[in-house]
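Peer 1: Questions regarding the structure given below will be posed in turn.
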Amino acid sequence: MNQYLQLFKSFAKIGSFTIGGGYAMIPLIKTEVVDKRKWVKDTEFLDYLAISQSAPGILAINISIFIGEKVKGTKGSIVAALGSALPSFVIILLIALFFESFKENQLVVRIFSGIRPAVVALIAVPLISLSRSAKLNKYTSLIPVISVLLIVLLGISPIWVILAGAMLGIFHYYFSKSRLNKLKKENEE
């Protein structure tokens, strides 16, 4: 199948069947692009997810742009973004047309009250999988815990948490590098 068409179909399918948007789409996107299509590796997906989260805009569209770019360049990113956005646009348009007539319908209210807890589980599953691909150790496993606490308890923007993580990574790189150089010099003497 034409890869442009496959990009569009994959992201349109994800956009069509994900209730809750944003984070609820992560497990479906990961399954489609990492496990099924093998367009990106786990580690690449984690990187794209981090950048997509910190970039302005809708998470699903941001990540579809990165994956589309990786698969088929600029045209691929446009096709993937359209595939990701079009189903939501059409569904919201239809809901807006009929919203007043069914917003108080008890069946609809109960359906959504049942869907919401399931969405929480859909978000939790890829987090576990992504934590494995992040290769956390006894030191770095504290980073996600501290990050969640900063965001949830203190209300710090995820962007600042990601930037702080990047700065810690840079610090760790230079600290490790200088320590390694010091050990090499000691061994040479």
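Peer 1: Taking Ser176 as the residue in question, decide whether it is polar (S, T, N, Q), within 27 Å of Ile29 (Cβ to Cβ), without any contact (Cβ under 8 Å) to a residue 40 or more places away in the chain and not assigned by TED's automatic domain parsing to the domain that holds Ile26.
Peer 2: No, not satisfied.
This table checks each residue for (1) under 24 Å from Ala55 (Cα atoms); (2) at pLDDT 80 or above; (3) out of contact with any strand residue (DSSP E or B) (no Cβ under 9 Å at 6 or more places or on another chain).
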position	(1), (2), (3)
Ile111	no, yes, yes
Ile128	yes, no, yes
Phe175	no, yes, yes
Lys184	no, no, yes
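Listed here are the residues, each with its yes/no results for (1) closer than 17 Å to Val119 by Cβ; (2) in contact (Cβ under 8 Å) with a residue 60 or more places away in the chain.
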| residue | (1), (2) |
| --- | --- |
| Ile14 | yes, yes |
| Phe17 | yes, no |
| Gly22 | yes, no |
| Ile29 | yes, no |
| Glu44 | no, no |
| Ala50 | no, yes |
| Pro56 | no, no |
| Ile61 | no, no |
| Ile78 | no, no |
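Peer 1: In the set Val119, Val161, Val71, Val79, which member is in a helix (DSSP H, G or I), hydrophobic (A, V, I, L, M, F, W, C) and at pLDDT below 90?
Peer 2: The match here is Val119.
Peer 1: Turning to a different aspect of this structure: Given (1) surrounded by fewer than 10 Cβ atoms within 10 Å (Cβ to Cβ); (2) charged (D, E, K, R); (3) in a helix (DSSP H, G or I), where does Lys138 come up short, assuming only one miss?
Peer 2: Condition not satisfied by Lys138: (3).
Peer 1: Looking at (1) modelled with pLDDT of 85 or more; (2) of a type in the set (S, T, N, Q); (3) out of contact with any helix residue (DSSP H, G or I) (no Cβ under 7 Å at 6 or more places or on another chain); (4) not assigned by TED's automatic domain parsing to the domain that holds Ala24, which one does Thr140 not meet, given that it meets all the others?
Peer 2: Answer for Thr140: the failing condition is (1).
Peer 1: Just to check your reading of the model, which residue among Lys103, Lys36, Lys30, Lys41 is of a type in the set (D, E, K, R), over 14 Å from the mean Cα position of the chain (by Cα) and modelled with pLDDT of 85 or more?
Peer 2: Of Lys103, Lys36, Lys30, Lys41, the one residue that is of a type in the set (D, E, K, R), over 14 Å from the mean Cα position of the chain (by Cα) and modelled with pLDDT of 85 or more is Lys36.
Peer 1: Quick one: which of Glu104, Glu100 is out of contact with any helix residue (DSSP H, G or I) (no Cβ under 8 Å at 6 or more places or on another chain), assigned by TED's automatic domain parsing to the domain that holds Ile63 and part of a helix (DSSP H, G or I)?
Peer 2: Every option except Glu100 fails the conditions.
The values are calculated or read from the model by the stated rules, or taken from the named source; none is laboratory data. Just so it is clear, the structure is predicted and the values come from calculations on it, not from any experiment. Virtual Cβ from ideal backbone geometry, glycine too; neighbours counted across all protein chains shown.
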